[in-house]
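Following: one structure in structure tokens, then a few remarks.
The values are calculated or read from the model by the stated rules, or taken from the named source; none is laboratory data. The shown structure was predicted, so the numbers you read here are calculated from the model rather than taken from an experiment. Positions of Cβ are backbone-derived with ideal geometry, glycine not excepted, and every protein chain shown enters the neighbour counts. Areas reflect the complete protein model, heavy atoms only, side chains present, ligands, DNA and RNA absent. Shrake-Rupley method; radii C 1.70, N 1.55, O 1.52, S 1.80 Å.
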Amino acid sequence: MADTNPIKQFEIHEVFPFEAFGLNLAFTNSSYFMMLTAVLTIGLFTIAMSSRALVPNRAQSVAEIIYGFVADMVRSSAGQEGLRFFPFVFTLFIFILVANMLGMFPYFPAPGAHSFTVTSHLIVTVAMALLVWLTVVVYGVYKNGAKFLRLFVPSGVPWPLLFIVTPIEIISFISRPISHSVRLFANMLAGHILLKVFAGFVVGLAAWTVGMEWGPIPGYIFGIAPFAMTLGLTALEFLVAFLQAYVFAVLTCIYLNDALHPGH
């Protein structure tokens with residue numbers, strides 16, 4: 001039953017214990033997959049762009065398509081000026097995408113018995129969302145000075161309504177890291193739990209029917225429906241893994257646009 005526990009896949013295990021100044025700084029399976037995500041991303045793009053051929057091969061074509069996709073995303077959401085943040089947005093998008101995809105392979109070589117999805121832990125998504133939020137605040141104040149406060153005073157609103165609208169805008173701005181991080185975390189967590197539950201139904205129904213008399217109907221027939229559902233959910237989860245990386249990157253671009261153009 002421990003192998004079918006849908007929550008077990010999110011447990012953090014120490015790979016190399018380490019303590020310093022009374023703090024537990026152990027290298028965990030979460031650290032392993034974050035490091036693996038970075039190494040794989042850097043390695044794959046380095047290999048893909050090593051030739052820099054005028055007529056690109058398949059790997060270079062994929063790298064250039066991803067590059068153009070993110071560049072168009074930044075340009076359409078934050079304008080031409082927003083391209084100065086392209087490396088930042090590109091890094092976030094690729095990191096989340098590769099981390100999500102790695103978590104879809106349960107038998108990927110890793111410390112422990114199973115794979116791990118780092119974006120299914122709230123602390124990871126909150127760290128990235130806070131990084132985006134702080135970048136918006138710091139750059140917005142640096143570029144616009146006091147004019148950055150215009151972000152909380154929408155243009156065209158009658159002044160009596162500003163006493164209502166401005167607090168709402170402030171609360172909305174402060175709560176951005178929460179919505180930005182919880183959206184990614186909740187989708188990955190819920191999707192992986194659902195996959196594990198339906199996969200557990202396949203094993204559970206097969207074990208339940210052992211030794212039972214069903215006449216001409218074999219017992220394993222009852223596992224076909226949950227197995228088919230598991231396959232369908234797996235395909236859907238691959239789509240969600242890409243969409244959540246895209247949504248996180250798009251929202252990052254929209255928030256960065258507020259730092260570049262704080263006026264509504």
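For the chain, the share of accessible area belonging to carbon and sulfur comes to 74 percent (1.4 Å probe, ligands and nucleic acids excluded).
For the charge dipole of the chain, defined by +1 on Lys and Arg C-beta atoms and -1 on Asp and Glu C-beta atoms about the Cα centroid, which residue among 70, 201, 227 has the Cα displaced farthest towards the positive pole? So the residue we want is 70. Residues whose amide H falls under 5 Å from that of residue 27, counting only those 5 or more places apart or on a different chain, are 15, 16, 18, with hydrogens built in the peptide plane.
Straight Cα distances below 18 angstrom link residue 143 to the aspartates and glutamates 81, 258, with same-chain residues fewer than 8 positions distant left out.
Assuming charge only on the beta carbon of Lys and Arg (+1) and of Asp and Glu (-1), the dipole of the chain about its Cα centre is about 700 debye to the nearest 20. Sparse packing (at most 15 other Cβ atoms within 10 Å of the Cβ) combined with a DSSP loop state is found for the following chymotrypsin sites (Phe, Trp or Tyr not before Pro) in segment 61-138: 107. Work out the charge dipole of the chain with +1 on the Cβ of Lys and Arg and -1 on the Cβ of Asp and Glu about the Cα centre, then indicate which of 51, 127, 240 is farthest towards its positive end. Farthest along the dipole direction, towards plus: 51. Straight Cα distances below 17 angstrom link residue 8 to the lysines 196, with same-chain residues fewer than 8 positions distant left out. Using heavy atoms of the protein chains and a probe of 1.4 Å, the accessible area assigned to residue 13 is about 80 Å². Taking all protein chains into account, the per residue accessible area for the chain stands at 58 Å² (1.4 Å probe).
Give me the net charge of residue 184's neighbourhood, meaning all other residues with Cβ under 14 Å from the Cβ of residue 184; Lys, Arg count +1, Asp, Glu -1. Summing Lys/Arg as +1 and Asp/Glu as -1 gives +1. For segment 1-66, applying the loop criterion from DSSP together with a ceiling of 11 other beta carbons within 10 Å to the trypsin sites (Lys or Arg not before Pro) yields 52. Of 94, 164, 65, which is the most mobile in a GNM of the chain whose springs link Cα atoms less than 10 angstrom apart? The residue with the greatest mean-square fluctuation here is 164. Averaged over residues, the count of other Cβ atoms within 10 Å places the peptides 121-131, 247-257, 23-33 in the sequence 247-257, 121-131, 23-33, highest first.
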